[in-house]
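Everything below concerns the one structure shown next.
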């Protein structure tokens, strides 16, 4: 590393400090500032013409091109410019490549370059360690180490695995991932090997491995790239190092540390953590392109199944306590319930169906309870009693914005007689015919109530005493000009539409409800 101290690594977005030479894999990383020392001017001139896909950015692994520009006239390090040293050679991303590469911005610095060189050394050492270990094991053969391309069946995709081997006749690819990588590249590699039928093993390396205790304290060393790999492999990633190499030789079978996502149920919520376990390669399952010891998705579904009844009851309790606190629709409940039930941002259709059942059940139960309170309050003695009026105003304030037709200052006497026209007493029994007739006539003989005769007729159409309403005396009242031309009020129509609709306060009140006019 000391040999790099004499060079200044340019921070221009036009220059990539480190590249990989696909034709010379023994050069793990080629510093851009040493390009002429590594290859010479003759070779550089030839590469600029013919080596279109030879170099890749060391950070993002996407194609780069070798570019030249004229040096400043004062020369470099005091060396006069001439025909042989008049140009500066550097690498830049090809058009459309490196969109997410940190080195394409102006933030690259010497520390990042040193980090890349250090990781390159670790990558090369781990590749050597694994390949040499496999060569000592029965049932294994090493086919290639970073020197063979694999093409997809349609020849449109290719990859060059770090290690290509065979285990009991089956192809196994080892990809060593120490540095950051985009999820797209990870996904493309995984799909390529899946299409080829090659088992892919993502290998990572962490410093803080305690093999003797078969555990790792890796949380601080987990990078986003490891999480991306894990989620693409059913929550698993694999670790190999010198200690595991010793255990492998003793056991005559490849030993790995498996770090996997573990779902846990705590206080009604599912949380996740990284756990580790040592395993032999023969214990690793391979299904549908994934290598794994523990199936995160399978364990998550099992946990959901085990916690289903508990979560259902908790959701019921939650809804029961909160449905009138802003839960105006089942969609609102989905929003609250998914945060309360599961941490996933989306609910499955089966979960939505369960929650809708809960919502519907509790909604019906709560609405019936509310309607019975209204029914009892309207029929509990005179509506002029102070405590009843006070209670009614409280209900108005609580429910005036819930879509049930409540508003501040409702005419309680109209309400009381309208409820009586439904024909059932406080216990849900059919009221006396005389009491029903009294409620009906109230709307015609009370001066203020005459503004609600259309509401009266609307309610009484489905009442239990059609003979009382349709007798000659009642018909004469209905056609009396003194009543027919009184301007009607419709401010209570929404309330009675709601009250007479499903769910019904008493089974006996089930009847066809006609649509009432909303304006006159």
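The values are calculated or read from the model by the stated rules, or taken from the named source; none is laboratory data. Worth saying up front: this structure is predicted, and the values here are computed from it rather than measured. Positions of Cβ are generated from backbone atoms using ideal geometry, with glycine treated the same way; all protein chains shown enter the neighbour counts.
Mind checking which residues of the range 385-416 are farther than 14 Å from residue 494 by Cβ, part of a helix (DSSP H, G or I) and in contact with a helix residue (DSSP H, G or I) (Cβ under 8 Å, 6 or more places away or on another chain)?
Matches in the range 385-416: 388, 389, 391, 392, 395, 412, 413, 416.
Yes or no, residue by residue, for (1) within 17 Å of residue 201 (Cα to Cα); (2) over 33 Å from the mean Cα position of the chain (by Cα); (3) not assigned by TED's automatic domain parsing to the domain that holds residue 56:
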{"site": "142", "(1), (2), (3)": "yes, yes, yes"}
{"site": "151", "(1), (2), (3)": "no, yes, yes"}
{"site": "155", "(1), (2), (3)": "no, yes, yes"}
{"site": "159", "(1), (2), (3)": "yes, no, yes"}
{"site": "164", "(1), (2), (3)": "yes, yes, yes"}
{"site": "170", "(1), (2), (3)": "yes, yes, yes"}
{"site": "175", "(1), (2), (3)": "yes, no, yes"}
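Specify the residue that is modelled with the highest pLDDT; the eligible residues are those in the range 224-244 that are surrounded by 17 or more Cβ atoms within 10 Å (Cβ to Cβ) and part of a helix (DSSP H, G or I).
Here the answer is 244.
For (1) part of a loop (DSSP other than H, G, I, E, B); (2) surrounded by 12 or more Cβ atoms within 10 Å (Cβ to Cβ); (3) at pLDDT below 70, each residue gets a yes or a no:
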| position | (1), (2), (3) |
| --- | --- |
| 73 | yes, no, yes |
| 85 | yes, yes, yes |
| 95 | yes, no, no |
| 103 | no, yes, no |
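If I ask for residues that are within 22 Å of residue 171 (Cβ to Cβ), more than 25 Å from the chain's Cα centre (by Cα) and part of a strand (DSSP E or B), which ones from the range 259-292 would you list?
Across the range 259-292, the qualifying residues are 279, 280, 285, 286.
Kindly indicate whether residue 137 is within 32 Å of the chain's Cα centre (by Cα) and assigned to a loop (DSSP other than H, G, I, E, B).
no
When only residues in the range 257-272 that are in contact (Cβ under 8 Å) with a residue 40 or more places away in the chain and touching a strand residue (DSSP E or B) at 6+ places or on another chain (Cβ under 9 Å) count, which is nearest to residue 190 (Cα to Cα)?
Of everything passing the filter in the range 257-272, 259 is nearest to residue 190 (Cα to Cα).
Filter the range 388-404 for residues that are modelled with pLDDT under 85 and over 23 Å from residue 428 (Cα atoms); which is surrounded by the most Cβ atoms within 10 Å (Cβ to Cβ)?
Across the range 388-404, the extreme among qualifying residues is 402.
Would you point out the residue of the range 341-351, among those that are assigned to a helix (DSSP H, G or I) and surrounded by 18 or more Cβ atoms within 10 Å (Cβ to Cβ), that is modelled with the lowest pLDDT?
Among residues in the range 341-351 that are assigned to a helix (DSSP H, G or I) and surrounded by 18 or more Cβ atoms within 10 Å (Cβ to Cβ), the one modelled with the lowest pLDDT is 341.
Do the conditions hold for residue 218, that is, is it more than 23 Å from the chain's Cα centre (by Cα) and modelled with pLDDT of 75 or more?
The answer is no for residue 218.
Could we say that residue 443 is surrounded by fewer than 21 Cβ atoms within 10 Å (Cβ to Cβ) and either in contact with a helix residue (DSSP H, G or I) (Cβ under 6 Å, 6 or more places away or on another chain) or under 20 Å from residue 486 (Cβ atoms) (or both) here?
For residue 443, the condition - surrounded by fewer than 21 Cβ atoms within 10 Å (Cβ to Cβ) and either in contact with a helix residue (DSSP H, G or I) (Cβ under 6 Å, 6 or more places away or on another chain) or under 20 Å from residue 486 (Cβ atoms) (or both) - is not met.
Here's the yes/no breakdown for (1) outside any loop (DSSP other than H, G, I, E, B); (2) modelled with pLDDT under 80; (3) on the phi < 0 side of the Ramachandran plot:
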site	(1), (2), (3)
339	yes, yes, yes
354	yes, yes, yes
368	yes, no, yes
383	no, yes, yes
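Considering only the range 271-280, state which residues are touching a helix residue (DSSP H, G or I) at 6+ places or on another chain (Cβ under 9 Å) and surrounded by 18 or more Cβ atoms within 10 Å (Cβ to Cβ).
Answer for the range 271-280, where residues must be touching a helix residue (DSSP H, G or I) at 6+ places or on another chain (Cβ under 9 Å) and surrounded by 18 or more Cβ atoms within 10 Å (Cβ to Cβ): 274, 278.
Answer yes or no as to whether residue 126 is assigned by TED's automatic domain parsing to the domain that holds residue 252, surrounded by 15 or more Cβ atoms within 10 Å (Cβ to Cβ) and modelled with pLDDT under 85.
So residue 126 fails the test.
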